[in-house]
Amino acid sequence: DTLKSEIVKKEQILNKHAKEQTKKSAELIKIQSNRDQLHQNAQDLRIECLNLEGQRENVIFQQRTAEDSINEFSARKSEIDKEVTQLISQDKDLNKSILSAENKLSEINGMVNKKKSILSLKQETANDSYRQIEEIQAQIRSEQKNRETLLEELKQCELKIADFEQRINFVNERIKDRYETEISDNMIVDETESELNATIERTERSIENIGPINMAVQAEHEEESSRLLMLSEQRDDLIEAEKNLLDTIQKIDSIAREKFQSTFENIRENFEKLFVMFFEGGRGSLRLEGDPDPLEASIGIQAQPPGKRNQSLRQLSAGEKTLTAIALLFSIYQVKPSPYCILDEVDAPLDDVNIGKFTRVLNNFSVDTQFIVVTHNKLTMESANFLYGVTMEKKGVSQLVSVKLD
């Protein structure tokens with residue numbers, strides 16, 4: 001029994017040591033795993049260190065290369081600075097030349113536009129005058145032709161009268177030679193009836209020999225003389241009409257100057273107001289330049305947007321030029337407005353800020369005028385009350401689509 005109890009104790013101790021051994025084995029495995037992990041980490045660190053050394057050498061190489069590049073760029077920068085200085089000087093000279101040329105070109109364009117406008121007005125007046133003159137000249141030619149015809153007929157009648165007078169004189173001479181007598185205005189007839197009959201027969205034979213006498217020659221002569229007098233009066237009337245026509249042309253020029261001056265003043269006042277409205281400041285004006293005659297003077301446009309000095313239109317940006325042109329267009333439109341106005345892609349060169357200015361002015365004018373705007377700009381479309389678009393779902397077949405915006 002004692003031995004069995006010792007064996008049991010020993011077994012218990014053995015089991016206890018076995019459990020401890022198992023536990024220690026597990027701890028050993030864990031420690032070995034940690035050791036392997038540490039070895040792996042150390043190996044990774046060595047690899048990373050090698051990579052960092054390679055990167056350091058690469059960075060050193062890049063640094064050297066960058067220093068060389070910097071030195072090269074510094075030298076190149078000095079050369080570029082010199083070239084830039086020269087280019088700036090050349091640019092200033094070119095800008096001065098361009099500004100001078102643009103001013104001259106602007107003046108020339110203004111003169112050309114003015115000449116075209118005046119020429120168009122004068123051409124219309126001249127065309128009307130030419131048509132009237134051509135009608136009068138055609139009438140004169142017709143009357144002259146008729147007059148020449150009448151003169152020719154009158155000449156023929158005079159020739160006939162002369163011929164008849166010659167024939168009558170010839171008959172009188174024959175009577176005188178043959179009968180040794182003259183026909184007097186107060187002739188006293190002492191012959192008998194038979195003698196008179198014989199005389200009448202001889203006279204009739206003589207008249208037959210002479211031929212028929214045109215007794216209407218004098219009436220025709222008087223008629224042609226009256227017609228000649230009428231043609232002379234008509235010629236005087238045409239000369240007077242030509243003089244009146246010239247006076248009318250001068251009067252038209254005078255009225256045209258007054259109308260142009262009045263209209264120009266209205267457009268100038270409207271342009272000054274609309275320029276400030278479009279640009280939210282600044283100053284724009286129109287003026288007549290050159291010839292003191294308004295119809296011969298050129299029109300100058302002065303535009304000074306906010307924050308910029310006064311400059312020519314050539315030096316403005318595309319958007320500023322477009323807003324200036326639209327302001328001028330609306331200034332002319334205000335002189336004689338209409339209930340409808342069509343604008344075809346006038347907002348194409350404008351950016352979003354200028355589109356806002358443009359649509360704001362349109363909204364102000366839309367109280368009295370309905371605008372139809374052809375545009376591809378979304379901001380312009382947003383400010384519209386109605387949208388109309390054309391689509392082509394099938395090739396060659398267009399369809400109209402409309403949208404009402406609230």
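A few comments on the model shown:
- Test: SER106 is closer than 16 Å to GLN302 by Cα and touching a residue at least 24 places away in the same chain (Cβ under 8 Å): yes
- Residue, modelled with the lowest pLDDT, within region 387-406, restricted to residues that are of a type outside the set (Ser, Thr, Tyr) and surrounded by 10 or more Cβ atoms within 10 Å (Cβ to Cβ): LEU405
- Scanning region 251-286 for residues that are at positive phi, loosely packed, with under 15 Cβ neighbours inside 10 Å and not charged (D, E, K, R) returns a single hit, GLY281.
- For region 345-363, a residue qualifies if it is in contact (Cβ under 8 Å) with a residue 60 or more places away in the chain and under 14 Å from THR375 (Cα atoms), and exactly one does: PHE358.
- Evaluation of PHE330 against (1) farther than 30 Å from SER254 by Cα; (2) touching a helix residue (DSSP H, G or I) at 6+ places or on another chain (Cβ under 6 Å); (3) among the aromatic types (Phe, Trp, Tyr) (one fails), failing number: (1)
- Residues (over 11 Å from LEU231 (Cα atoms), surrounded by 13 or more Cβ atoms within 10 Å (Cβ to Cβ) and among the aliphatic types (A, V, I, L, M)) located in region 148-160: LEU151, LEU154
- Selection status of SER206, at pLDDT 80 or above, in a helix (DSSP H, G or I) and not hydrophobic (A, V, I, L, M, F, W, C): no
- For region 349-386, a residue qualifies if it is more than 27 Å from the chain's Cα centre (by Cα) and in a strand (DSSP E or B), and exactly one does: PHE386.
- Of ASN95, ASN113, all but one fail to be surrounded by 11 or more Cβ atoms within 10 Å (Cβ to Cβ), under 30 Å from LEU295 (Cα atoms), within 46 Å of the chain's Cα centre (by Cα) and among the polar types (S, T, N, Q); the exception is ASN113.
- For region 326-348, the set of residues classified as in a helix (DSSP H, G or I) and among the aromatic types (Phe, Trp, Tyr) consists of PHE330, TYR333, listed by residue number.
- Residue within region 355-362 that is closer than 22 Å to PHE279 by Cα, touching a strand residue (DSSP E or B) at 6+ places or on another chain (Cβ under 7 Å) and surrounded by 17 or more Cβ atoms within 10 Å (Cβ to Cβ) present: yes
- Enumeration of residues in region 263-287 that are closer than 23 Å to GLU102 by Cβ and in contact with a Pro (Cβ under 6 Å, 6 or more places away or on another chain): PHE279, GLY282
- Selection within region 314-337 - surrounded by fewer than 17 Cβ atoms within 10 Å (Cβ to Cβ) and hydrophobic (A, V, I, L, M, F, W, C): ALA318, ALA325, LEU329, ILE332, VAL335
- LYS145 vs. criteria within 29 Å of MET230 (Cα to Cα), among the basic types (Lys, Arg) and either assigned to a helix (DSSP H, G or I) or in contact with a Ser or Thr (Cβ under 7 Å, 6 or more places away or on another chain) (or both): yes
- Residue in region 259-267 that is within 21 Å of LYS357 (Cα to Cα), assigned to a helix (DSSP H, G or I), outside the structural domain of ARG360 (by TED's automatic domain parsing) and modelled with pLDDT under 85 present: no
The values are calculated or read from the model by the stated rules, or taken from the named source; none is laboratory data. Bear in mind the structure is a predicted one, so any value in this text is a computation, not a measurement. Glycine gets a Cβ as well: all are built from the backbone with ideal geometry, and neighbour counts include every protein chain shown.
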